[in-house]
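K.L.:
Okay, handing you the structure first.
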Amino acid sequence: IPVTSMCDRAILAANAAKGHYGKSYTYYDDSIRKRLVFEQRITDEMNNALAKNQFKIYLQPKYDLVTERISGAEALVRWIHPELGYMPPGDFIPIFERNGFITELDIFVWDKTCELIAEWKSKTNKLLPVSVNVSRKDIYKDDLPEILINIITKHNLEPKNLHLEITETAYTEDSQQLIDVVTKLKKLGFVIEMDDFGNGYSSLNMLSELPIDILKLDMKFIQTNNKQNNTKNIMSFVIGLAQWMNLLVVAEGVETKEQVEALKKLNCNYVQGYYFARPMIAKKFTEMLLNSEITEMFNIGK
């Protein structure tokens with residue numbers, strides 16, 4: 001092949017190795033080309049997909065551990081592609097974060113989520129808070145608080161009805177920017193959740209500086225990093241720390257009855273995961289809500 005093509009392929013192989021610090025060298029193969037072709041297709045079709053409502057809101061309920069009733073939900077986005085079918089977020093979210101489209105998608109999700117909350121309030125007379133993701137890219141938008149307030153106002157809701165999930169990794173990139181933005185959102189009345197707690201390296205600093213309300217713990221993370229069966233000790237420490245700081249705790253990725261019982265003993269507040277319910281389309285969630293009693297989240301947004 002031409003030398004220019006060789007150089008192009010070498011660059012692609014080098015880029016594929018970024019972030020993999022254990023690798024000293026990487027070979028170019030066709031999987032790299034296929035991935036690039038796929039990423040280009042995603043980029044070419046994303047605007048049209050948003051315009052044609054190919055992105056759908058899925059909801060996973062959160063349950064109060066004392067009553068085991070629904071107390072809230074998390075909004076998730078899925079892409080139902082006309083040719084590729086159901087696409088999980090891992091296939092397109094990282095691409096959108098790189099090309100900047102993630103903010104447009106997030107605004108769409110926030111708006112649709114508020115529309116659903118207002119619908120539940122009207123149809124079921126139940127006001128259920130839903131958490132939505134705020135990506136790292138969103139944090140750098142100067143008008144982020146204004147965008148969120150406009151959406152809330154449009155649907156006749158209050159800021160406390162929408163919980164904003166911030167990932168811990170956002171703190172490591174520009175901590176002061178994150179602190180300033182989250183402080184503004186908190187003052188406006190939004191409930192702040194810290195997602196993926198423990199996955200970064202600045203957790204304790206972050207907890208002391210960010211005005212958060214809810215800590216989200218991923219059971220899978222704790223199990224993966226548990227070499228000597230210290231899961232209970234880790235959970236006990238984190239939940240105890242959260243309680244000392246007057247934070248509520250949501251354990252996500254809960255899949256077994258044993259996990260539920262252990263979390264109850266540790267006084268964890270809320271859980272979400274396959275043990276109770278998988279993420280479901282908005283229509284199915286609304287039907288379930290019609291036939292369910294709920295337990296209001298306490299000490300939130302007051």
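The values are calculated or read from the model by the stated rules, or taken from the named source; none is laboratory data. As the structure is a prediction and not an experimental result, all values here were calculated from the model. Here the Cβ is made from the backbone with ideal geometry for all residues, glycine too, and neighbour counts use every protein chain on show. We work out accessible area using only protein heavy atoms, side chains counted, and drop any ligands, DNA or RNA first. Shrake-Rupley method; radii C 1.70, N 1.55, O 1.52, S 1.80 Å.
K.L.:
Can you pull out every residue in segment 126-144 that is of a type in the set (A, V, I, L, M, F, W, C) and part of a helix (DSSP H, G or I)?
P.N.:
139, 144, listed by residue number.
K.L.:
Which condition from (1) surrounded by 15 or more Cβ atoms within 10 Å (Cβ to Cβ); (2) in contact with a strand residue (DSSP E or B) (Cβ under 8 Å, 6 or more places away or on another chain); (3) modelled with pLDDT under 85 is the one that residue 193 breaks?
P.N.:
Every listed condition holds for residue 193 apart from (3).
K.L.:
From (1) assigned to a loop (DSSP other than H, G, I, E, B); (2) modelled with pLDDT under 90; (3) open to solvent by 30 Å² or more (accessible area, probe 1.4 Å); (4) not charged (D, E, K, R), pick out the condition that doesn't hold for residue 262.
P.N.:
Unmet for residue 262, out of (1) assigned to a loop (DSSP other than H, G, I, E, B); (2) modelled with pLDDT under 90; (3) open to solvent by 30 Å² or more (accessible area, probe 1.4 Å); (4) not charged (D, E, K, R): (1).
K.L.:
Which residue out of 4, 67 is within 30 Å of residue 293 (Cβ to Cβ) and open to solvent by 50 Å² or more (accessible area, probe 1.4 Å)?
P.N.:
One residue alone meets the criteria, 67.
K.L.:
Please find, within segment 76-100, the residue that is most open to solvent (accessible area, probe 1.4 Å) out of those that are in contact with a strand residue (DSSP E or B) (Cβ under 9 Å, 6 or more places away or on another chain) and assigned to a strand (DSSP E or B).
P.N.:
Filtering first and then ranking leaves 86.
K.L.:
How many residues are surrounded by 12 or more Cβ atoms within 10 Å (Cβ to Cβ) and under 27 Å from the mean Cα position of the chain (by Cα) when one looks only at segment 16-49?
P.N.:
12
K.L.:
Can you tell me which of 252, 209 is acidic (Asp, Glu), modelled with pLDDT of 90 or more and surrounded by 15 or more Cβ atoms within 10 Å (Cβ to Cβ)?
P.N.:
Just one listed residue meets the conditions, 252.
K.L.:
A further question on this structure: Could you pull out the residue among 178, 188, 116, 105 that is open to solvent by 60 Å² or more (accessible area, probe 1.4 Å), out of contact with any Lys or Arg (no Cβ under 8 Å at 6 or more places or on another chain) and among the hydrophobic types (A, V, I, L, M, F, W, C)? Steps first, answer last, please.
P.N.:
On the way: 178 fails: open to solvent by 60 Å² or more (accessible area, probe 1.4 Å); 116 fails: open to solvent by 60 Å² or more (accessible area, probe 1.4 Å); 105 fails: open to solvent by 60 Å² or more (accessible area, probe 1.4 Å).
After applying the criteria, what remains is 188.
K.L.:
Go through segment 35-74 and report how many residues are of a type in the set (Ser, Thr, Tyr), assigned to a strand (DSSP E or B) and out of contact with any Asp or Glu (no Cβ under 7 Å at 6 or more places or on another chain).
P.N.:
Just the residues of segment 35-74 that are of a type in the set (Ser, Thr, Tyr), to begin with: 43, 58, 63, 67, 71.
With assigned to a strand (DSSP E or B) added as a condition, the list becomes 58, 63, 71.
Adding the requirement that they be out of contact with any Asp or Glu (no Cβ under 7 Å at 6 or more places or on another chain) leaves 58, 63.
The number of residues fulfilling the criteria is 2.
K.L.:
At pLDDT 95 or above and at negative phi: is that true of residue 127 in this structure?
P.N.:
Answer is no for this residue.
K.L.:
Identify all residues within segment 240-249 that are open to solvent by less than 30 Å² (accessible area, probe 1.4 Å) and modelled with pLDDT under 90; write none if there are none. Walk me through it before giving the result.
P.N.:
Taking segment 240-249 and keeping what is open to solvent by less than 30 Å² (accessible area, probe 1.4 Å), we get 242, 247-249.
242 - this is the single residue of segment 240-249 that is open to solvent by less than 30 Å² (accessible area, probe 1.4 Å) and modelled with pLDDT under 90.
K.L.:
Let me ask you something else. Restricting to segment 73-88, give me the number of residues that are of a type outside the set (Gly, Ala, Ser), touching a Phe, Trp or Tyr at 6+ places or on another chain (Cβ under 8 Å) and under 23 Å from residue 193 (Cα atoms).
P.N.:
Residues meeting the conditions: 3.
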